[in-house]
Structure formats: structure tokens, C-alpha cells
Amino acid sequence: MLYFFARFYEYPREIVYLIVKKERFLNLAENEQVAVTEVMEEEKAEEQVVDNASDLYEEIRRYRYNKSKEEGNKPYFLFNNNTLDLLVKERPRTKEELLKIQGFGQVKVDKYGKELLEIINKFK
């Protein structure tokens, strides 16, 4: 499948970069207004996913901080930022899926798994 980059200068923002399929790219000259509308809808969807991910990231980071203070440790002792990123990206739903996340073994899953999964499951 071929993709091209297209630029729209008449969009309300300065420049919009868009990856489009070859067939769609060829039709842009005819239906430029439709293409811009689709871009706006795609951007809104992407923004919602990013907002959702950043909210989840903050919620897990806050949990890690509070739990580490409760235990008298540094936050990275629970799990490091790379593991936090993986939790947000993979969004495990079960303890078995949580075990597949790098940085989580059986001990951490038993200790923190239930609470973490409750947090993650709030962000579907």
C-alpha cells in the first residue's frame, strides 16, 4: 500500500500534514473540501486517544507516587518510566497480560496488579 504526504494551506491552521492512500490522494484535487473535513475528524479522534493516554499515564504515575510514599520507597522502585509507558501503550486487562509487561513479575503483579488493572480498566 502506497502512502503520500499532502499539505493543506487553506485549512484554519497553518499547515496540516496528512498521510493518505494513493487512491485518496488522486481524488484530492476533485474533492479538496471533503478531504479537509476528513482530516479534521481524524485529528479530533487522534486528540481524544492522546488525551485518554495522557490521562491514564498521569493516573498511573500518581498511583505509583502515592504507593511509593506509602511504602517509603522511590517511585521507580515500583516500576520505571519505561514500564509505565508500556502499561499505557499495552493497557493490560488481566493479571496474565500484566505479567507480559516488561518489569512486572509475579511478585509485583500480586502486590500491585489489582489496583493497576482497576485504574487501566477505567480508561477503555
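Every number in this text was worked out from the coordinates using simple rules, so none of it is lab data. Small disclaimer: the values here were computed from a predicted structure and weren't measured. Cβ coordinates were reconstructed from backbone atoms using ideal geometry, including for glycine residues, and neighbour counts include every protein chain displayed.
Remark: spin-label model distance residue 61-residue 95 equals 2.9 nm, labels positioned 7 Å along the Cα→Cβ axis. Between residue 54 and residue 76, the modelled label-to-label distance comes to 2.4 nm, taking each label 7 Å out from Cα in the direction of the beta carbon.
At 20 °C and 1.002 mPa s, grab the translational diffusion coefficient of region 52-122 from Stokes-Einstein with a Kirkwood Rh over Cα pairs, rounded to a whole number in µm² per second. In µm²/s, the coefficient rounds to 180.
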